[in-house]
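Novice: Let me give you the structure first, and then I'll get to my questions.
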Amino acid sequence: MEKVIRKIQVIIFRKTPNLEILMLKVIPERGGFWQCVTGKVEEGEDQMDAAFREVREETGISGDKVRHVLKDIYSFEYLKNDRKIHETVFGFEVFPDIGIDTTKNVYKEHTEYAWFSPEKAIEISSFDSQKQSILHLLKYGK
């Protein structure tokens with residue numbers, strides 16, 4: 001049986017007082033679309049550790065800047081290159097005045113970032129799974 005690849009998605013949000021969701025724009029060579037933080041769970045790593053690592057790598061946000069964690073708000077599976085991917089979604093609430101630093105990401109996978117209303121984040125999402133993830137965050141957080 002082929003091993004399932006485990007991935008995480010983290011929806012970073014803040015209340016200013018309106019709810020805002022952080023989106024990152026992927027480099028043009030990889031599609032130029034907006035997305036939340038995503039990444040692979042490394043061998044021997046648990047999903048929560050992977051979520052904190054990916055958030056730190058992609059945004060510069062360290063764990064002490066996360067106010068509240070919403071665990072396992074949604075999960076889904078898909079096939080990519082004939083490999084089964086299982087993705088688990090988390091929500092990380094951060095402090096309203098949080099600083100974002102995408103320059104330290106060694107993979108240089110994003111060109112910019114912005115905070116959007118949930119409605120706008122859903123509108124600009126290229127993937128139905130990400131739209132569903134944001135909708136689940138909104139339901140989970142009530």
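Novice: What number of residues within the range 1-32 satisfy the criterion of being part of a strand (DSSP E or B), hydrophobic (A, V, I, L, M, F, W, C) and farther than 23 Å from Ala50 by Cα?
Specialist: Narrowing the range 1-32 to residues part of a strand (DSSP E or B): 5-15, 19-26.
If we keep only those that are hydrophobic (A, V, I, L, M, F, W, C) too, we end up with 5, 8, 10-13, 19, 21-24, 26.
Restricting the remaining residues to those that are farther than 23 Å from Ala50 by Cα gives 19.
Here the count works out to 1.
Novice: Here's a follow-up. With the requirement that a residue be farther than 18 Å from Ser129 by Cβ, surrounded by fewer than 21 Cβ atoms within 10 Å (Cβ to Cβ) and β-branched (Val, Ile, Thr), what does the range 24-58 give you?
Specialist: The one that is farther than 18 Å from Ser129 by Cβ, surrounded by fewer than 21 Cβ atoms within 10 Å (Cβ to Cβ) and β-branched (Val, Ile, Thr): Ile27.
Novice: Here is a follow-up. Can you confirm whether Arg67 is part of a helix (DSSP H, G or I) and not hydroxyl-bearing (Ser, Thr, Tyr)? Reasoning before the result, please.
Specialist: Values: part of a helix (DSSP H, G or I): no; not hydroxyl-bearing (Ser, Thr, Tyr): yes.
Here the answer is no, as Arg67 does not meet what is asked.
Novice: Test Asp82 against the criterion of being surrounded by fewer than 18 Cβ atoms within 10 Å (Cβ to Cβ) and under 15 Å from Gln130 (Cα atoms), and give yes or no. So that I can check it myself, show each step before the final result.
Specialist: Values: surrounded by fewer than 18 Cβ atoms within 10 Å (Cβ to Cβ): yes; under 15 Å from Gln130 (Cα atoms): no.
So Asp82 fails the test.
Novice: Residue by residue through the range 111-125, note down the ones that are of a type outside the set (S, T, N, Q) and surrounded by 15 or more Cβ atoms within 10 Å (Cβ to Cβ).
Specialist: Tyr113, Ala114, Trp115, Phe116, Pro118, Lys120, Ala121, Ile122, Ile124
Novice: Quick check: anything in the range 89-108 touching a Ser or Thr at 6+ places or on another chain (Cβ under 8 Å), at pLDDT 95 or above, surrounded by 14 or more Cβ atoms within 10 Å (Cβ to Cβ) and closer than 24 Å to Gln132 by Cβ?
Specialist: The answer is yes; a qualifying residue exists.
Novice: Which numbered condition in (1) free of Cβ contacts under 8 Å to residues at least 24 places away in the same chain; (2) farther than 20 Å from Ile5 by Cα is the only one that Lys71 fails?
Specialist: For Lys71, the exception is condition (2).
Novice: Go through (1) more than 13 Å from Phe13 (Cβ to Cβ); (2) at pLDDT below 95 one by one and return the number of the condition His86 breaks.
Specialist: (2)
Novice: Could you figure out which of (1) assigned to a strand (DSSP E or B); (2) within 25 Å of Ile27 (Cβ to Cβ); (3) within 13 Å of the chain's Cα centre (by Cα) isn't true of Ile73?
Specialist: Just one mismatch for Ile73, condition (2).
The values are calculated or read from the model by the stated rules, or taken from the named source; none is laboratory data. Only a predicted model underlies this, so the values are computations on that prediction, with no experimental measurement involved. Reconstructed Cβ throughout: ideal geometry from the backbone, glycine too, with neighbour counts over all protein chains shown.
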